[in-house]
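Okay, structure first, notes after.
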Amino acid sequence: MTVPAADLRSIAEVSALVARREVSPQHLLERCLARIEAGRHLNAFIAVMADSARREAERAADEIDAGRSRGPLHGIPISIKDLVDVAGTPTTSASAVPALHPETDAPIVRRLRDAGAVLIGKTNLHEFAFGTTTEESSFGMVRNPFDTRRSAGGSSSGAAVALIEGMCYGSIGTDTGGSIRIPSAACGTVGLKPALGELTCEGIVPLSTTCDHVGPMTRTVGDARLMFEALAGSPLPMVANNGPFAFGVPTGYLLERLDPTVRTALSETRRALAAAGHRVRDVQIEGAEITADVYLHIVLPEAAAYHAPLLEQYAELYSPGVRLRLEMGRTILAEDYVRAMQLRGMLIAHVDAALAGCDALLLPALAIPAPVLGESTVTIDGAAEPIRTVMLRLTQLFNVTGHPAIALPSGRTGTGLPLGMQLVGARKGTAQLLAIAAATEAQITGGAGSVGGGTG
Amino acid sequence: MTIAEWLETVCADADRRALPQLKPLFETLARSTERLRRADDQRRAPAEATRRP
């Protein structure tokens, strides 16, 4: 079943209607709840907070009627990844390990409430955000609406599916190696990983305390900006710049092995940007081939540090793959963690160097279309590789370096699966990155705009 | 600790804990650690060369 276009409008569109009282928050919420019900088989949500959301929508409507607008998220249904604390609701992390029962909201949730958002529910994820497919979730695999035999990416896959199925208007995701951008690419949504430390991860179950990011997932770049501003608690500086922009496409390791459909999409995006007057040239990121090794020696021990006491008590409750990755992390030597942190500084300098003379880097967000659930390897150019390695390859570098990055939908494969491109901005340059992404959204998405309906 | 010593230790521990599934993962991790150490040694080499006769 195709999702009605009215259920796939942007936050900017519906918030204007809500502000003019042409559509009520209650109507938006009931439509989203109906879409959640219609898409139960996709496993996008772990918990639907219908009762509290109805109270919040009613309160928003009363405030708007009384002329007390809280801004563009006022009365808009937003979903929260179930790794993030919402007071009075269990934080399950999609695990059978006993959930947290927070009495207070994570600061970013508090900011959403301050902005008048209606919190519709908690979305499904790969257990403890430690994977890219959601095949390991105690609440069932999240299925890709474009082909339910396939993964919706991960770890924030429930968030992406909720967006393309009209179950909410914006989602909160987290990203430690690509967990916002990978499902965005697999499902055809926009996903912003801000600069490292820009949004607080307090009240969010950690995976890697030095690589974790939280950010918005939306249907348009404009909506990502609206949500980012709400999460940050202050407006971004206005960047009056419509280009032309200079884009650097990294050559070498990062783009050596791409699915042919992804390589074609990248070529088409380059052509579209050049035709619109932007400059696109190849750049080198020195040392990029060491990224996965650096990432592994930072993320595994940091994850193990959080989970060690839980493993002592609940080892058997973890999904086998997640448990084994955590057990590996417990064995990494301090010497190698320190070496990885020092190489991290080198990678930051190399990405800065690649960005010198460019406004942003351009590369795919995901090297393959959404993989088939249950498969452990994928073949590219005749060589089989673990799916997890391939899915993280184009995103994890920017978790290590902390540069802001945004995934945008960028066409489809011949069988209709979404593909995604990624723009990477200068450190501390999230406002500029969002301005570039907004100015080039039409070229990158192929003129089709943002989210098209999936099939439920 | 050399990587070979580390691998021997962690594989023995995996056997002791009845988690033999970890052993192939440790072998993959050992190769990753080798690449990491090589890259870090190369990073340090220019500065060390001028200061350590």
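A few notes on this one:
- For chain B, Kirkwood radius (reciprocal of mean inverse C-alpha pair distance, Å): 12.7
- Equivalent ellipsoid semi-axes - Cα gyration tensor, the stretch A:276-434, angstrom: 30, 23, 14
- Two-site label geometry, B:T2 and B:L19: point separation in nm, points 7 Å out along Cα→Cβ: 2.6
- Bridge type composition, the protein assembly as shown - antiparallel percent by DSSP, nearest 5: 70
- Inter-chain Cβ neighbour count for B:13-21, averaged per residue, equals 2 (cutoff 10 Å, partner chain atoms only).
- Averaged over the residues of A:326-336, the number of partner chain Cβ atoms lying within 10 Å of the residue Cβ comes to 5.
- Arranged from fewest to most other beta-carbon atoms within 10 Å of their beta carbon, B:M1, A:M49, A:M421, A:M341 become B:M1, A:M341, A:M49, A:M421.
- Compactness relative to 2.2 N^0.38 Å, alpha carbon Rg of the stretch A:38-133: 1.16
- Length added when fully stretched, A:L317-A:T148, from 0.36 nm per residue minus Cα-Cα: 58.2 nm
- Computed over the stretch A:304-384, the P(r) curve from all C-alpha pair distances, binned at 5 Å from the origin, holds 3, 10, 11, 11, 12, 18, 20, 10, 4, 1, 0 percent per bin.
- Shape of the stretch A:158-259, Cα gyration tensor, a/c cut at 1.5: rounded
- Assuming charge only on the beta carbon of Lys and Arg (+1) and of Asp and Glu (-1), the dipole of the stretch A:65-115 about its Cα centre is about 200 debye to the nearest 20.
- Dipole magnitude of the protein assembly as shown about its Cα centre (Cβ charges: Lys, Arg +1; Asp, Glu -1), debye to nearest 20: 880
- Model label zone, A:N242; criterion: amide N under 20 Å from point 7 Å along Cα-to-beta-carbon; scope the stretch A:411-447: A:431-447
- Oblate is the label for the stretch A:344-456, because a/c, from the alpha-carbon gyration tensor with a ≥ b ≥ c as root eigenvalues, is 1.5 or above and a/b does not exceed b/c.
- Annotation: amide H of A:G420 within the under-5 Å range of A:A365, A:L366, A:S410, sequence separation 5 or more or interchain, hydrogens built in the peptide plane.
- For chain A, relative contact order (Cα pairs under 8 Å, six or more residues apart, normalised by length) works out to 19 percent.
- Spin-label model distance (nm) - A:A232 vs A:R20, 7 Å beyond Cα toward Cβ: 2.9
- The tail of the calculated P(r) for the protein assembly as shown, taken as Cα-Cα distances beyond 46 Å, holds 9 percent of the pairs.
- Look at the dipole of the protein assembly as shown built from charges on Cβ: of A:G345, A:T413, B:A18, the Cα furthest out on the positive end belongs to A:T413.
- Calculated FRET value between A:A38 and A:A308, using beta carbons and R₀ = 56 Å, to 0.05: 0.85
- For the stretch A:281-289, Karplus couplings with θ = phi - 60° (6.51, -1.76, 1.60), whole Hz, Gly/Pro x: 9, 6, 9, 9, 10, 4, x, 4, 5
- Take every Cα pair under 8 Å whose residues are at least 6 apart in sequence, average their separation, divide by the length of the stretch A:181-256, and the relative contact order is 25 percent.
- Listed residues A:I80, A:G166, A:S69: farthest to the positive end of the dipole of the stretch A:10-232 (Cβ charges): A:G166
- Take each residue in B:27-37, count the other chain C-beta atoms within 10 Å of its C-beta, and the mean is 5.
- This model, with +1 at the C-beta of Lys and Arg and -1 at the C-beta of Asp and Glu, gives the stretch B:3-42 a dipole about its Cα centre of some 140 debye.
- Taking a Cβ cut-off of under 14 Å around A:G357, the surrounding Lys, Arg, Asp and Glu residues balance to a net charge of -1, with basic ones at +1 and acidic ones at -1.
- Simple spin-label estimate for B:A12 and A:K428 gives 5.0 nm between the two label positions (7 Å along the Cα-to-Cβ direction from each Cα).
- Spherically averaged projected area in nm², based on the convex hull that wraps the Cα atoms of the stretch A:10-232: 10.4
Values quoted throughout were computed directly from the atomic coordinates according to the rules given, and no laboratory measurement underlies them. Computed from a predicted model, the values in this text were never measured in an experiment. All Cβ positions, glycine included, derive from the backbone under ideal geometry; neighbour counts span all protein chains shown.
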